[in-house]
Structure formats: C-alpha cells, structure tokens
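The values are calculated or read from the model by the stated rules, or taken from the named source; none is laboratory data. Every value quoted in this text rests on a predicted model; they were computed, and no experiment measured them. Here the Cβ positions follow ideal geometry from the backbone for every residue, glycine too, while neighbour counts run over all protein chains shown. Note: accessible area is taken over every heavy atom of the protein model, side chains too, but ligands, DNA and RNA are not part of it. Shrake-Rupley method; radii C 1.70, N 1.55, O 1.52, S 1.80 Å.
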Amino acid sequence: MHETYDPKIIEPKWQETWEKQGLYKTVEDLDRPKWYALTMFVYPSGDIHAGHWYAFIPSDVSARWRRMNGYNVFFPVGFDAFGLPAENAAIKRGIHPKAWTYSNIAKMRFQLKRMGAMWAWDREVITCDPEYYKWTQWFFLKFYENDLAYREYAPVDWCPSCNTTLAREQVWGDDRHCERCRTPVIKKNLEQWKFRITRYADALLAGLTDMDWPERVKLMQNNWIGKSSGAEIYFNTEQGDTLTVFTTRPETAWGATFMVLSPEHPLVAKLTPSAQQETVRAYQEQAARQDEMTRKSTDKEITGVFTGGYAINPVNGERIPIWIADYVLMGYGTGAIMAVPAHDSRDFAFAKRFALPIRCVVRPPGRTGDDVATLSCPDRPTGGLCSLPPAGGLDEAYESKTEGVMVNSGDLNGTPVAEAFQKAVTWLESKGKGKPAVSFRLRDWLISRQRMWGAPIPIVYCASCGIVPVPQEALPVVLPDDAEFRPTGESPLKYHKGFRFVKCPRCGANAERETDTMDTFMCSSWYQYAYLSPYYKKGESLTAQNTSPWDPAIGQYWLPVDQYTGGIEHATMHLLYTRFFTKALHDMGIVHFDEPMRRLFNQGMILGPDGEKMSKSRGNVINPDSVVNEYGTDTVRGYMMFIGPWDQGGPWDPSAIDGISRFLQRTWNLILDHIHREQLANTPPMPHPDQVNLLEQTMHQTIIKITEGMSAFRFNTVIAHLMEFSNTLLKMKSTSVVYATAWGDALRNFILLMAPLFPHISEELWHRLGNTESVHLQKWPQADVNKAKMDRTTVVVQINSRVRSQMTAPLGMSDHAIEQQALELSAIKKWLENKRIRKVIVVPDRLINIVTD
RNA sequence: GCGAGAGUGGCGGAAUGGCAGACGCACCAGACUUAGGAUCUGGCGGGUAACUCCGUGGGGGUUCAACUCCCCCCUCUCGCACCA
C-alpha cells in the first residue's frame with residue numbers, strides 16, 4: 001500500500017503555498033466578467049463556532065465554482081467590530097473595548113484562515129478602525145446635508161439592559177424585547193437622531209418586485225413596510241379645528257358614529273371642556289404608564305374615555321362624540337380615526353363596551369333593507385341613540401369589502417361595496433372633504449445609541465449656532481483611548497471632558513459634542529463598498545471634492561454585489577437598511593445602481609447537538625476546532641455541506657463526519673493507485689469499448705448533475721453525486737478500463753469537480769497527477785451532452801399503475817415498439833391472462849402503463 | 001387572529017406528476033486478521049413461508065399514474081400583531 005491521506009500535512013502546506021503565491025489576491029481584470037460574492041461579515045466575539053463554518057464554507061464553494069467558470073471573483077472578508085459586547089467586557093474586566101476587539105480579531109483571523117476559503121484578505125476591513133468610521137461619519141454628514149438625517153424629541157424604545165435606545169426594527173416579538181439581549185424594552189421621551197427611511201418606503205417596496213431574493217425575505221420586508229391605501233377625511237371639531245383621519249374604508253364614512261383619538265393627540269386638550277379635563281388627563285397618564293410596562297396586546301381590556309368634545313362628520317353633517325383610547329396609536333396614520341363600529345371589529349368592540357351607536361352602512365347579502373337600517377348597541381337597554389331593534393342586529397362587525405350593498409350612505413346608496421371605495425374617494429375629493437392617501441407601517445430609523453463603542457455622530461451643539469455638523473476635513477471624530485468604563489449604564493463619552501467639550505467649528509465659542517454614537521447597522525450598511533478600496537484616502541483630510549468613500553473606478557468594475565449570502569435574522573434590519581442606504585446613495589449620485597445586492601441566499605441555522613439554538617447559556621455551542629484537528633479542514637467542509645439543504649440548517653451531529661472522511665480516503669487511494677499503475681508501464685491489456693463508453697457516460701452525467709447542483713446551492717446532493725461517481729470508479733478499478741485514456745480523463749475531471757468543495761486534497765492530488773498549475777486556476781469541466789446519453793435505457797412496465805416488470809430498450813424507441821416488447825414479457829403475459837387491455841400509456845424511454853378492465 | 005414554510009425508514013436526507021427511500025450514518029451478516037472503533041463484500045421501510053400486500057402527518061379529490069397538483073383538518077417552526 002502507498003502512503004495514507006494525511007490532511008495534517010497537506011492542508012497547512014497548501015494554505016501556506018496559496019498565500020505565498022497570492023492565489024486569492026484580488027485584481028481588477030477588465031477582460032474577465034466580474035463576480036462579487038459577498039457573505040455577511042463577522043462580529044469579533046472571540047471565537048469561531050460551527051455557525052460560522054456553516055455560513056462561510058458553502059459561500060466559499062460557490063465563489064470557487066464561479067472562479068472555475070471563468071469569472072474574476074471578489075470574495076472579501078472583514079469584521080463588524082463595533083458593538084456592545086466589547087463594552088460589556090470592558091466594564092467587566094477593565095480592558096478598553098479596542099484592546100478586547102483587536103485581540104479577538106487576531107484570534108479569529110487565524111481560525112478563519114483554517115477554513116481554507118478563497119478570501120481576499122488583501123481587502124479586509126474593520127469597522128472600528130478610525131479610517132473606516134471616518135467614512136461612516138462622512139455618510140452621516142451626507143445624509144444630513146440631503147435632509148435625510150434629523151433630530152427629534154419623541155417617545156422611543158429603550159432597552160434597560162443595554163442602556164440605549166433601539167430602532168423599531170430591533171424590537172422583536174409580542175413582548176417587545178430587545179433583539180440583542182431579549183430584555184423587554186420600555187418607552188422613553190428622548191431627543192434622538194433619525195434617518196428618513198420612510199421617504200424611501202415606496203421605493204423600497206417597488207424595488208422588491210424584480211429582485212432575485214428569497215420570497216420569504218421579500219414578504220417580510222413587504223409586511224414590515226406595510227403599505228396600505230385609503231383616504232384622508234377631514235372632520236371638524238366644534239372649536240373649528242380640522243381633525244384629519246386616515247382610513248382604508250372611506251366608503252363607510254356614513255357609518256362613523258364617533259371618533260377616537262390617540263391619548264397623545266395634540267388636539268385633545270383643546271377640544272376637552274373643563275368638566276371632562278380631570279378624567280381625560282387621568283386617562284392620558286394611565287396610557288403613558290401603560291407604555292412603560294410590558295404590554296401584551298392579546299388579552300388587554302378595552303379602555304377609553306369620552307373627551308366631552310364633538311366633531312362634525314363631513315359626509316352627513318352629524319355631530320359625533322370624540323373619545324380617546326389607547327388602541328389608536330399616535331405613530332400610525334394621523335393618530336385619529338373615524339370609528340365605524342358596524343364594519344370594523346375593533347370599533348365594534350369599543351362601541352359595545354361603551355354603549356355607542358352602531359349604524360350599518362353595508363347591507364350584508366341576504367338581509368332586507370329594514371332590519372339593518374338602524375342597529376344599536378345591544379348592551380344599552382334605553383336611550384334615544386341606542387334603542388334595541390326588534391330583530392336582526394349584527395352580532396359582530398361586517399367587514400367584507402367584496403359582498404354587500406351600501407345603505408344609509410347618501411349618494412352611495414345602492415352601490416355594491418366593491419365599487420363604493422372608488423366612488424367615495426371621488427365624492428370626497430370633489431367636495432374637498434378628503435383625498436386618496438397611503439399610510440406605511442415603517443418608521444424612521446433611529447440611529448442614536450447611548451453607548452461608547454460605536455462611530456461618534458459628527459455633530460457639535462453650539463449655544464449660538466445650534467446644530468453644527470463637524471466639517472469633512474475634521475473627520476474622523478475619534479473615540480478617546482482613555483475613556484473610563486463604569487457600570488453606570490451611561491456612555492463614558494459623556495464623562496470624557498476632552499471629548500465632550502470643544503469649540504464650535506463655526507463660531508469658535510465653547511460648545512459640546514454629541515456624545516451618542518451611531519447604530520452599528522450604519523457601519524454594515526456600506527461595508528460592501530468599503531471592501532473595494534479599504535481605507536480609501538487613508539490619512540488624508542477630506543475636502544468637499546471627495547464624493548466617494550471608495551475608488552470610483554474600482555467600484556465601477558465590481559458593483560453591485562452579484563451574490564449575497566447570510567442569515568435570515570437580518571431580513572428587516574441590515575437587509576432593509578443597506579437597501580435604503582443604496583437608494584439614498586443613488587439619489588446623491590454616489591452609486592450608479594439602486595439595489596445593493598442582486599441575488600440573496602439565506603442559509604439555515606446550525607443547531608446544537610440537542611437540536612436547540614446554540615447559545616452560551618444552554619452550553620451547546622460547538623467550536624469545530626477539535627474536529628478540524630482530528631479530521632482536517634476538507635472533511636469538516638464536506639460534513640457541513642452534507643448535513644442537508646443549505647437553507648435548512650440542522651443539528652450538529654459529528655457521527656456523520658465518518659462518511660465524508662471515508663469518501664476522501666477512498667478518493668485518495670483511487671488516485672494514488674492510478675499513479676502507481678502508470679509508473680509500472682507494462683504493456684496494458686485492451687480495455688473493453690463498452691466499459692469505456694459506460695465510464696464516459698457516467699462522467700458526463702456526473703458533470704451535468706454537479707454543475708446544476710452548484711448553481712442551485714444544493715451542495716448536499718453535489719456531494720452525493722460525487723460519492724456515486726466515486727463508487728462507480730471504485731467498481732471499475734479492477735477492470736481493464738483503467739488502461740483507457742478515458743480513465744485518466746475521468747480521474748482528472750473528478751478532481752476538478754471536487755476542487756471547490758475540498759480545495760486541499762484536490763490540489764494535492766492534482767499536483768501528484770503531474771500538474772504544476774493550481775487546480776483552482778483550472779476550467780470547470782464541460783459536459784458533452786451526447787456522450788452523457790445512454791444508447792439503451794430501462795423502461796418500467798406497469799399494469800394498472802403497478803410495477804410488474806422492466807426491460808431494456810434502445811433510446812428513442814417508438815411507443816408502438818415499446819408496447820410490442822412489453823407484451824412479450826412473460827411476467828406481463830401472466831398478468832394479462834383473461835384481461836382486456838383498455839388503454840396503454842407510454843412515456844418514451846421511461847415507462848409503459850397497461851390499463852386493463 | 002393574519003401571513004409564510006415544513007412534516008418521507010432507527011437517523012440526516014433524495015426524488016417536483018412516471019420504479020418512494022439516491023447518497024451517507026447507525027445496525028446486521030460475512031471476508032481478511034493475534035486483534036479491530038481499520039479495510040473490503042453483502043444486507044437493511046413494515047407485514048408475510050411465499051405469491052404478493054401495505055407504506056411519504058390525517059381525511060377527501062383530480063389523474064392511466066400523486067411525496068409531488070387541488071380542497072379540508074392536525075402538528076411543528078418562523079414573521080407580524082389593536083396599523084384604522
């Protein structure tokens with residue numbers, strides 16, 4: 001026997017060689033088509049775990065495959081290095097977040113290199129480098145200049161554990177918890193910086209249509225943006241103020257029997273008469289307190305109070321009461337609604353609870369005109385407005401927009417409800433009482449964070465000049481190295497005199513710096529561009545002439561990203577923000593496209609051996625180092641991809657590693673046997689032509705299947721097909737076919753097909769076969785479709801859809817001939833005795849089904 | 001409550017209208033061996049002595065033919081949740 005496969009020797013050897021040769025160095029080669037393959041960069045937590053392998057290995061395989069297909073591939077890597085864990089470590093252990101972060105990066109860089117990926121380390125970026133965040137700050141200034149950044153005092157979400165505000169996207173779940181630490185958030189009134197992402201709501205929605213992204217992500221973004229079309233209707237208070245409401249059902253305006261305002265609505269105080277002021281103020285306070293508690297929306301009881309004020313319904317001139325209630329949110333629409341209890345379940349419940357009138361304006365099918373003409377609150381036994389009708393009231397709101405006819409609605413009477421929306425909007429508009437309007441669920445992006453380890457917001461507050469942006473040439477605003485970390489829950493920047501107290505850049509008077517830093521999603525919104533020319537204009541002062549944070553010529557070549565891969569958890573955070581960024585950049589003339597990533601693929605999550613999400617608290621976090629030490633990188637790479645479909649994820653089960661390990665072992669032996677045989681150089685026996693044909697056929701079929709699998713990210717079946725091919729080759733090994741030139745071709749192609757998945761063993765075997773150029777610079781094997789075709793095929797013979805026999809037949813045999821041959825089979829004759837053939841179905845080259853009575 | 005996805009041997013999974021279980025793990029038997037947690041050969045959904053029958057969460061339907069398409073239900077996972 002020859003030497004055994006020893007990854008411990010060959011893997012470090014090739015990793016060193018590749019680095020020395022600069023095999024993965026990026027070059028801008030205009031003669032070759034480019035492929036920008038991007039995978040979500042790393043947070044430097046300190047350790048690479050199984051999840052990183054699961055995310056990166058298939059991305060690398062795909063990038064390598066593109067490279068072998070003639071593309072000039074850019075596959076960069078870097079670190080998303082700002083964030084709270086560094087600060088927490090600083091508080092706990094007294095080291096500066098910078099020291100913690102950079103030592104983690106050094107460690108992780110080493111671990112990442114063991115993956116044997118084709119990363120462009122020459123373009124690495126680290127977002128906490130001042131020369132990186134100089135440009136993050138530059139973007140802030142650009143957004144500010146273009147009226148996309150503003151400062152606002154408003155209720156915001158605050159995480160009491162992270163001690164900072166959060167963007168709406170970072171508040172998750174029904175208990176409204178912090179996305180990072182799972183602590184329920186509370187409301188606080190604070191002055192904060194926000195980005196006008198809502199200005200791009202329509203564009204973000206429209207852009208989704210023709211993007212090659214998973215439907216699931218598109219749907220999540222779609223729902224998150226939450227566009228609804230309807231109308232604004234102008235009500236007037238008795239004091240003469242206009243109360244604008246947003247509704248998706250303007251046609252039901254004739255059924256509005258009261259109005260509800262959000263407790264925070266600015267007109268509440270004015271329209272409340274003094275007699276009601278105590279009650280109203282008490283309710284407002286209660287609602288504000290409610291916000292500070294964890295709110296479960298499901299079993300919340302219905303609350304609200306009458307303000308004592310009235311409004312005039314503009315469609316019919318009716319005087320209707322104005323209530324306030326916490327089910328109306330200030331942040332959505334106009335913070336005021338017209339309540340149509342007959343046709344909205346929430347308004348119906350509210351009307352029932354507080355004995356308010358219910359008037360049907362859409363007659364459900366099957367009802368007569370009269371029994372629904374005046375419905376009232378069933379809970380209220382007496383009273384002018386609410387007398388109980390003799391029969392036929394509604395038990396619940398009738399919400400159909402498609403079936404029913406308008407009643408009690410003036411000019412709309414008799415109109416089918418399906419047509420009433422348009423008619424109502426036209427009517428309102430012609431009378432100046434309303435107009436079409438859309439509303440979005442999306443809120444502006446809150447980017448202020450009360451934390452130290454982030455990019456400082458480049459703003460100075462001056463008593464006389466007000467908000468003053470730091471001039472471009474003064475960037476970066478650098479984080480101090482001597483900040484003190486105390487567990488006070490407040491940013492050390494606030495207590496750092498040297499950082500905080502500065503001169504106004506405009507007038508030179510004493511002024512104060514903004515001490516909040518930017519959301520780290522700012523840093524990751526543009527990192528795909530930073531990779532192009534990392535630390536562009538390093539050490540230089542920026543001037544007004546600098547209009548791009550990367551070398552525009554390089555950007556012109558590589559952008560946009562061709563394939564992005566990463567986890568689904570960023571669907572409505574990073575992936576939304578970076579799209580917004582790019583659209584804004586496009587409008588500023590900085591980029592030539594308005595979507596950052598053409599294609600997206602979401603890998604699944606790798607779970608702990610217990611089938612649960614990996615987490616420190618569960619103690620089920622797997623670090624693959626020990627498995628890599630035992631089996632080698634190539635085996636672990638293969639195992640990662642063989643778990644199942646990449647988008648599915650699954651539990652870590654190292655017992656399955658042996659399968660890959662044995663496969664690589666057998667492959668090694670197969671090639672070394674061949675080399676050994678060649679060296680003997682005997683007079684070889686003539687290989688049988690049938691065997692040669694079969695070998696070539698299998699090879700070409702394998703090339704086809706593997707190529708398809710590669711383009712569809714089906715790496716688990718790619719490996720299965722490699723194994724099948726290997727099994728065939730092993731069976732043929734003991735026949736004379738090994739003396740055919742086709743045998744050598746098959747082995748060479750086999751290695752080429754393995755190369756993207758198993759880069760080290762492929763390189764070693766490729767060189768042992770006598771090649772001197774890297775296997776990773778070779779062309780992907782091309783299948784010959786004709787040679788992949790079989791001349792004979794197996795046709796399944798069914799009787800009444802049950803398989804009773806099979807036969808071989810030449811390819812392309814006529815239906816009739818197949819039938820004739822099948823009817824001759826003894827196994828079939830047996831089944832057809834005393835039966836009449838009713839029908840025969842032939843699927844050419846595959847199947848015949850004989851249907852009998 | 002609304003929306004999306006998933007459910008296939010002991011296990012991971014394959015097959016997108018045409019032979020269910022490719023490929024692998026585990027397991028069983030055999031070979032080689034002083035030995036085997038190595039390697040090689042064979043077996044491996046269930047019932048049955050066999051012919052064969054049953055089998056892709058459950059029920060119904062379309063079709064010569066359904067894991068695959070349609071309808072209803074169950075379970076799990078994820079997203080949203082007073083959004084007017």
If each K or R counts +1 and each D or E counts -1, the residues other than A:Ala256 whose Cβ falls under 12 Å of its Cβ total -1
Rg from C-alpha atoms of chain A, normalised by the globular rule of thumb 2.2 N^0.38 Å, equals 1.22
In whole percents, the bins of 5 Å from zero upward hold the Cα-Cα pairs of segment A:526-685 as 2, 7, 11, 12, 11, 10, 10, 10, 10, 8, 5, 3, 2, 1, 0, 0
Along principal axes, largest first, the alpha-carbon spread of segment A:802-853 in whole Å comes out as 32, 19, 17
Ordered by number, the GluC sites (Glu not before Pro) in segment A:746-850 that occupy a DSSP loop and have at most 16 other Cβ atoms within 10 Å are A:Glu773, A:Glu833
Residue separation between A:Ala817 and A:Val843 times 0.36 nm, minus their alpha-carbon distance, gives in nm 8.1 nm
With Cα coordinates, the longest principal axis of chain A makes an angle with the long axis of helix A:633-642, in degrees rounded to 10, of 60 degrees
Rounded to the nearest 10 degrees, the helix A:130-145 long axis (Cα) sits at an angle to the longest Cα principal axis of chain A of 40 degrees
Once both label points are put 7 Å beyond Cα along the C-beta direction, the A:Arg802-A:Lys401 separation in nm becomes 5.4 nm
Bridge orientation stat for chain A from DSSP, antiparallel percent rounded to 5, came to 75 percent
To the nearest 0.05, the calculated FRET efficiency linking A:Lys497 and A:Ser161 through their beta-carbon distance, R0 being 25 Å, is 0.35
Given pairs A:Lys98/A:Lys134; A:Lys134/A:Lys503; A:Lys352/A:Lys433 and cut-off 22 Å on Cα-Cα distance, the over-length ones are A:Lys352/A:Lys433
Note to self: C-alpha centroids of segment A:568-607 and segment A:96-134 sit apart, in Å, by 22 Å
In degrees, nearest 10, the alpha-carbon axis of helix A:574-587 is tilted away from the dominant principal axis of the alpha carbons of chain A by 80 degrees
per DSSP, antiparallel bridges as share of beta bridges in segment A:546-688, % nearest 5, sits at 10 percent
Row for segment A:180-275, column shape: gyration tensor on C-alpha, a ≥ b ≥ c, rounded if a/c < 1.5 i.e. under 1.5, prolate if a/b over b/c, else oblate; value oblate
Looking only at aspartates and glutamates whose Cα falls under 19 Å of A:Lys830's and that sit 8 or more positions away or on another chain, we get A:Glu819, A:Asp853
Using alpha carbon centers only, segment A:498-525 is separated from segment A:180-233 by a whole-angstrom value of 28 Å
Lys and Arg at +1, Asp and Glu at -1: neighbours of A:Trp445 with Cβ under 9 Å from its Cβ sum to +1
Descending packing, highest mean Cβ count within 10 Å first, for A:447-456, A:423-432 is A:447-456, A:423-432
A student applying the Cα gyration tensor rule (rounded when a/c is under 1.5; otherwise prolate if a/b is larger than b/c, oblate if not) would label segment A:685-790 oblate
Rounded to 0.05, the calculated FRET efficiency for the beta carbons of A:Ser711 and A:Ile467 at R₀ = 51 Å is 0.50
Rounded to whole angstrom, the alpha-carbon centroid of segment A:462-477 lies from that of segment A:749-788 at a distance of 58 Å
Between A:Ile186 and A:Lys538, the FRET efficiency computed from the C-beta separation at R0 = 35 Å comes out, to the nearest 0.05, as 0.25
In Å², rounded to a whole number, the accessible area per residue of chain A with probe 1.4 Å is 44 Å²
Here the alpha-carbon Rg of segment A:464-553 over 2.2 N^0.38 Å rounds to 1.30
